[in-house]
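> I am attaching a structure below and will ask some questions about it afterwards.
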Amino acid sequence: MTKRTIPFFNYSYIFKEREEEFCKALTETCRRGAYIMQQELTNFEEKLSSYLGVKHAIGTADGTMALITSLKAAEIGLGDEVIVPSHTFVASAAAIHHVGAKPVLADCARDHLVDPVDVARRVTKRTKAIMSVQLNGRTANMDPLLKLAEEAKLKIVEDSCQALGSKFKGRFAGTFGVAGAFSFYPSKTLGCFGDGGAVVTNDDAVAEQLKLLRDHGRGPDGKVWEFGYNSRLDNVQAAVLLLKLQNYDEAVAKRRELARHYHEALKDVSEILLPPGPDESADHFDIYQNYEIEARDRDRLRAYLAAEGVKTIIQWGGHVIHQFEKLGLNSDLPYAEAMSAKFMLLPMNTSLSNEDVDYVSEKIRQFYRK
Ligand SMILES: *Cc1c(COP(=O)(O)O)cnc(C)c1O
C-alpha cells in the first residue's frame, strides 16, 4: 500500500470546497453592511427550523451560549441539579454551572452515549433536568429518558451540538425536550468559519425568552425586559451556514458511507470496539460527527498510525469530565473511567475518500497483526 497522509481534519478544505460560492455570499452580505441580526440570520433560522421540523430556531454566538440560554429559558438555576454524562465536552457541564445549577455526572454505555439506567439512579429531590448529550452524531435511546422525565417531572435540555440531522425513531436530535442546542464550530458537521450556534424549540414562550437572552434582554422595540447576554449568531456566519445547509444531507450521506467502510473493514478486529454501524438499528439514524472507537493498546496504536501518516484525536484531551479534579464533580463512573484509557477518534470528515478509510483500516489491522 502506498503511504498516504491523512490529517484528522482539513480546515482549509471546508472553505476551498466551495470557495466561489462562499466568496460571493460574503461579498454580497458585507457590501450591504449586513453584519448583525440581518436577513441572512432570519433566513438561516427559518431554514434550520424547517429542516428539523420545529417551530423556532434562534441563532446564538456559539454552542456553549446556546446551552446556557437554553437552560435559562428552561428556568433552571440556583440550587437545581442537572444530570449530564461525564463523557462530553466540558462546555455541557460549564453551562449548567454558569446558570447557578449543579452538574451531576452520569455514566455512559457501550455506544458512548448516556446510560439511562445510571441517570435514573442519580435523580434526587433537587434534580430539575436531564441534559442528554447526543454525542458523536448519535441520538441516545430517548424512550427511557423521556419516561423518567415524565415520572420525576424533569425537563430535558439537549446538547445536540454534535448531532444535527441525527434521529431516534424518526425524531431529530434537539427536538425531544424544552430546547436543543447546536454548535457550528468549524469542525462540526455543519461548520461555519468561526464560532456559531443555535437553539431550537417548539415552545413559543421559550423562543421569545431565547430571543431576549441572546440580545441583552432587549425586545424588538429596544426595551430591556431582563438582563441578557451578547450572544447573537453573526450575520456573515449565517450567510455561510445558509449555503452549507442546502447540501447538508449530501454531507451526512458521505459520512455514513465512510462509516460503512470503517465498519466493514474493522468489524472482525477483536482488539477494538466500533461505534454502532450506520445500518445496525432502524431506531437510530447516526450522522457520524465522529467515529469513536475503543482500542486495546491505544497509545501505541495512535503512535503507529501517526508514523503511517494517519492523524487521530482523543476527545477532551483524553479526560472525561469527572477526571478534571479541580471541578470537584462526582466520580463513580466505571464505564467512562475505563473507556477513557481506550477511546480515540479515527479521521471522519467529508474531505476523505473511501480509499482513505480503507488505508486507515488496513494500518489498524497491521498494527494488531504484529
Ligand atoms: C462543540 C460542543 C459544544 C460547544 O460548542 P461551541 O460552539 O464550541 O461552544 C458543546 N457540547 C458538545 C458535546 C460539543 O461537541
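No value in this document is a laboratory result; all are computed from the given coordinates. Here the structure is a predicted model, which means the values were calculated and not measured. Note that each Cβ is placed from the backbone with ideal geometry, even for glycine, and that neighbours are counted across all protein chains shown.
> Please tell me if residue 139 is touching a residue at least 40 places away in the same chain (Cβ under 8 Å) and in contact with a Phe, Trp or Tyr (Cβ under 8 Å, 6 or more places away or on another chain).
Criteria met by residue 139.
> Hey, residue 336 hits all of (1) away from the ligand (no atom under 16 Å from the Cβ); (2) in a helix (DSSP H, G or I) but one; which does it fall short on?
The one condition residue 336 does not meet is (1).
> What do you reckon, is residue 149 crowded, with 20+ Cβ neighbours inside 10 Å, in contact (Cβ under 8 Å) with a residue 40 or more places away in the chain and not in a loop (DSSP other than H, G, I, E, B)?
No: the conditions fail for residue 149.
> Cβ-Cβ below 8 Å, separation at least six or inter-chain, first residue in the stretch 154-179 and closer than 17 Å to residue 284 by Cα, second surrounded by fewer than 21 Cβ atoms within 10 Å (Cβ to Cβ) and acidic (Asp, Glu): which pairs?
165/249; 168/283; 169/143; 169/283
> Now, a different point. Please find, among 140, 91, the residue that is part of a loop (DSSP other than H, G, I, E, B), out of contact with any Lys or Arg (no Cβ under 9 Å at 6 or more places or on another chain) and either away from the ligand (no atom under 16 Å from the Cβ) or under 23 Å from residue 340 (Cα atoms) (or both).
Result: 140 is the single residue among 140, 91 that is part of a loop (DSSP other than H, G, I, E, B), out of contact with any Lys or Arg (no Cβ under 9 Å at 6 or more places or on another chain) and either away from the ligand (no atom under 16 Å from the Cβ) or under 23 Å from residue 340 (Cα atoms) (or both).
> I'd like to check something: does the stretch 202-209 contain any residue that is touching a helix residue (DSSP H, G or I) at 6+ places or on another chain (Cβ under 8 Å), within 15 Å of the ligand (Cβ to nearest atom) and within 29 Å of residue 240 (Cα to Cα)?
no
> Restricting to the stretch 74-121, count the residues that are closer than 16 Å to residue 141 by Cα, of a type in the set (Asp, Glu) and over 18 Å from the mean Cα position of the chain (by Cα).
Qualifying residue count, the stretch 74-121: 1.
> Ok, one more. Just need a number here: residues in the stretch 48-88 that are more than 11 Å from the ligand (Cβ to nearest atom), of a type outside the set (Val, Ile, Thr) and assigned to a loop (DSSP other than H, G, I, E, B).
Looking only at that region, the number is 9.
> Further question on the same structure: Among the residues of the stretch 55-79, write down those that are under 16 Å from residue 238 (Cα atoms) and among the polar types (S, T, N, Q).
Matches in the stretch 55-79: 60 only.
> Would you say residue 53 is out of contact with any Asp or Glu (no Cβ under 7 Å at 6 or more places or on another chain), in contact (Cβ under 8 Å) with a residue 12 or more places away in the chain, surrounded by fewer than 24 Cβ atoms within 10 Å (Cβ to Cβ) and of a type outside the set (Asp, Glu)?
yes
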